[in-house]
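Written out below as structure tokens is the structure these notes cover.
The values are calculated or read from the model by the stated rules, or taken from the named source; none is laboratory data. These numbers were taken from a predicted model, which means no experiment stands behind them. Methodologically, a virtual Cβ is constructed for each residue, glycine included, from the backbone with ideal geometry; neighbour enumeration extends over all protein chains shown. For accessibility, only protein heavy atoms count, side chains too; no ligands or nucleic acids. Shrake-Rupley method; radii C 1.70, N 1.55, O 1.52, S 1.80 Å.
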Amino acid sequence: MPFRIFELERWQSDFEHAVEFNLADSSVKGAPLAEVLPPDEIDRFLTIELGYPMVNGTEVLRQRIASLYPGAAPANVLVTVGGAEANQIACQTLLGPGDRVALMEPGYRQVYGLAEAQEATVDPFRLDPGNGWRPDLDQLAAIVGPGTKMIALVNPNNPTGMILTPEERHRIVAIAARVGAWILADEVYRGGERYSDDETPSFWGEYDRVIAVNSLSKAYGLSGLRIGWLVAPSSVYDDIWRRHEYTVISAAAPSMRLAELALSPAIRPKLIARQRALSRAGWELMDRWLSENFDLVSVAASEATSMAFVRYHLPIDSVRLADEIRRRSSVLVAPGVYLGAEDHLRITHGVGRSIVEPALDRIGSVLRELRTRRPVAHT
Ligand SMILES: Cc1ncc(COP(=O)(O)O)c(C=O)c1O
């Protein structure tokens, strides 16, 4: 079965290092190494033996991760190479030909492509822009049937920033439980809430068939470490671990040591605070830009993440618009259609004022230029 191109990631791979301002990323500006490695830890860090580490994650790291999930033990935690690997090996383990996956759209489309590669069928359930991107759970209830093996969701959501309410979470669990479906909960944006310092609760512990995925990339600003994890019940843990051995054997030893430090009680709150400060300050710039350009752009609602999912009011499809912006202004944004919603652009605002402000100005100029020209038809 051929892998469908992961269009969003390919778009970023092709152009992110070829533009002056990259607003297509989905993380805040990466934290410097010094924020994770205090001076009194450097000597110990330099003694790390560069042999294979514990392949499912060091004991300390799995303990630190388990402590973030009520009721989880280190034996439930598998440390992976980013949330990306966690999603991949979870899908490889759970899905096969003929299975159905109910999947939140718009969304980060990794599980979409992975499910298809496993010859499963994807049944999207929509977030509704007319209703603040709330999920249509009646639609979810209608599409979930005996063939549904998995409900896949991203909470808080990339790209809309929607956070499920407790009632919505409970309803999703009830819908899954009705047919014994797994919930694959990608929670990499937990900790990225805009209006509250309370972290979005995990699906872990709400139902026995949950695999919770997370990583250090988004809420901690440490995507360069390539450390993620999944928390899984013992019934599937070994099966998933087997795929991890085939795929990467283990995450890197120095990264795991840095991850132990990042999740330590002394450093974790500082990293989350840094990410929140960057995301929130960026949102203020974005919000101002949106009001100044209200005739061209709008945002339905956004409660989390360092990105805005911007609806534009021009007759042009999102790939062509993103391409015009890239060519004319050397700013990279992500086309909405690559996340499952046309007529939108995903624009990152968590990368610092010196980048966000001039880049948004340039995007505004391109949008105004295009508006004064003849309408560009949808392709
Ligand atoms: C929802 C979601 N899950 C997983 C990933 C994978 O990221 P990483 O492997 O860096 O954790 C991303 C990256 O953008 C994402 O947005």
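Scanning segment 191-236 for residues that are aliphatic (A, V, I, L, M) and more than 14 Å from the ligand (Cβ to nearest atom) yields Val210, Val231, Ala232, Val236.
Taken over segment 39-48, the criterion of being within 32 Å of the chain's Cα centre (by Cα), of a type outside the set (A, V, I, L, M, F, W, C) and in a loop (DSSP other than H, G, I, E, B) is satisfied by no residue. The residues of segment 331-350 that are open to solvent by 20 Å² or more (accessible area, probe 1.4 Å), part of a loop (DSSP other than H, G, I, E, B) and over 14 Å from Leu367 (Cα atoms) amount to a single one, Glu342. Condition test on Pro129, is it open to solvent by 20 Å² or more (accessible area, probe 1.4 Å) and under 22 Å from Glu342 (Cα atoms)? When the stated conditions are applied, Pro129 passes them. Just need a number here: residues in segment 234-253 that are out of contact with any helix residue (DSSP H, G or I) (no Cβ under 7 Å at 6 or more places or on another chain) and of a type outside the set (Ser, Thr, Tyr). Final tally of qualifying residues: 8.
Residue count for segment 242-252, restricted to those that are crowded, with 16+ Cβ neighbours inside 10 Å and in a helix (DSSP H, G or I): 2.
Take Leu153 and tell me if it is in contact with a Ser or Thr (Cβ under 7 Å, 6 or more places away or on another chain) and assigned to a strand (DSSP E or B). Taking the combined requirement at face value, the residue does not satisfy it. For the condition of a type in the set (Ser, Thr, Tyr), within 15 Å of the ligand (Cβ to nearest atom) and exposed (fewer than 15 other Cβ atoms within 10 Å of the Cβ), Ser67 does not qualify.
Looking only at residues in segment 87-125 that are part of a loop (DSSP other than H, G, I, E, B) and either more than 14 Å from the ligand (Cβ to nearest atom) or free of Cβ contacts under 8 Å to residues at least 24 places away in the same chain (or both), which one is surrounded by the most Cβ atoms within 10 Å (Cβ to Cβ)? So the residue we want is Leu95.
Summed over segment 126-160, residues that are in contact with a strand residue (DSSP E or B) (Cβ under 9 Å, 6 or more places away or on another chain), more than 14 Å from the ligand (Cβ to nearest atom) and touching a residue at least 60 places away in the same chain (Cβ under 8 Å) total 2. Evaluate segment 61-83: report whether one residue or more is of a type in the set (D, E, K, R), in contact (Cβ under 8 Å) with a residue 12 or more places away in the chain and part of a helix (DSSP H, G or I). Looking through segment 61-83, at least one residue is of a type in the set (D, E, K, R), in contact (Cβ under 8 Å) with a residue 12 or more places away in the chain and part of a helix (DSSP H, G or I).
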